[in-house]
Each structure stands twice: as structure tokens, then as C-alpha cells.
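Asker: Mind looking over this structure? Questions follow.
What follows draws every value from the coordinates through simple rules; no lab data is involved. Quick caveat, the model's predicted, so the values are computed rather than measured. Cβ placement follows ideal geometry from the backbone for every residue including glycine, while neighbour counts extend to all protein chains displayed.
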Amino acid sequence: MEALKALGVRHLEHTLEVIDDKRREHIMPKRAKNPAVLNKGEVTFDQVLASIPDGVAVFGADRYTATMLIGLDDFQTSVAGLRALREAGLSKLSSPVFQTYTYSGLRDYAMSFSEVMETRRMASRLFARQY
């Protein structure tokens, strides 16, 4: 993190998108072209959680953020993930609802509409909005 800041990075965002590691690998199966870089599908949720205290210390709470797409994890996983992110020290989260652009993308939804709305309300209570 310090090296990134030294290079001029002022804001770092995890494009977490999906909490459940197996589901993330299924939805984002591609590997990074450069073996020195991890694709967002290769980073585990535990790795994200472990990075939060350091990221907040280096960049500040307002400049270390994450994105989670609501609807790709089931309701229980989403609620547990939101709580874990907050407990780890994350204070800003972008949490848009997953939007598919193809009919086949509908199979990736894991929540009902009411669960999506409840998850959005919970995210709004726990986190400042990123943008």
C-alpha cells in the first residue's frame, strides 16, 4: 500500500463485487494476463478483509473503498459480508444492484427483489456512499 501511495495513488478501491469466493470464481473466471497481477476474481474475501486496516491507515478512511454488486450473493452471505467489511474498518462502499445486459445473465441473480432492497437499506445504514 505504501508503494502505491509513493507512486502517486491517492484512492484505492477494491472491486470486490461478490462476497462468496466460489461464486466470484464462477462469475469472473478469467485469469489476469500478467502473472504478477491478480484478476479481481482471484482475490479472496478474506484477503480483502485483511487489507482493509492497512489500506485505511495508508490512504485514509475516505480514500480506501470497495464495490459490492447487490444481487449476486444470496441474502445471508451479503448481510454477513457487509457486516464483516464494516467490522474490518471499511467506511465507504459503492453497492449498486447487479444489472444484467443479457437474458442469460439473469441466472446470476441470487436474491429476490425484497432481499435486494433490504440489502441496499443495510448497506446505506452501515456505509457512507462512495459516489
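Asker: What net charge do the residues around LEU49 carry, taking every other residue with its C-beta under 12 Å from that of LEU49, with Lys and Arg at +1 and Asp and Glu at -1?
Answerer: Charge balance near LEU49 sits at -2.
Asker: Here is a further query. In nanometres, what is the gap between the two model label sites at ALA57 and GLU2, each 7 Å from Cα along Cα-to-Cβ?
Answerer: So the two model labels end up 1.0 nm from each other.
Asker: Find out how many positive minus negative residues lie around ASP73, taking Lys and Arg as positive, Asp and Glu as negative, among other residues whose Cβ is under 14 Å from that of ASP73.
Answerer: -3
Asker: Among residues other than LEU12 whose Cβ falls under 9 Å from its Cβ, what is the net charge (Lys/Arg +1, Asp/Glu -1)?
Answerer: Working: positive: LYS5, ARG10, ARG63; negative: GLU13.
Result for the local shell: +2.
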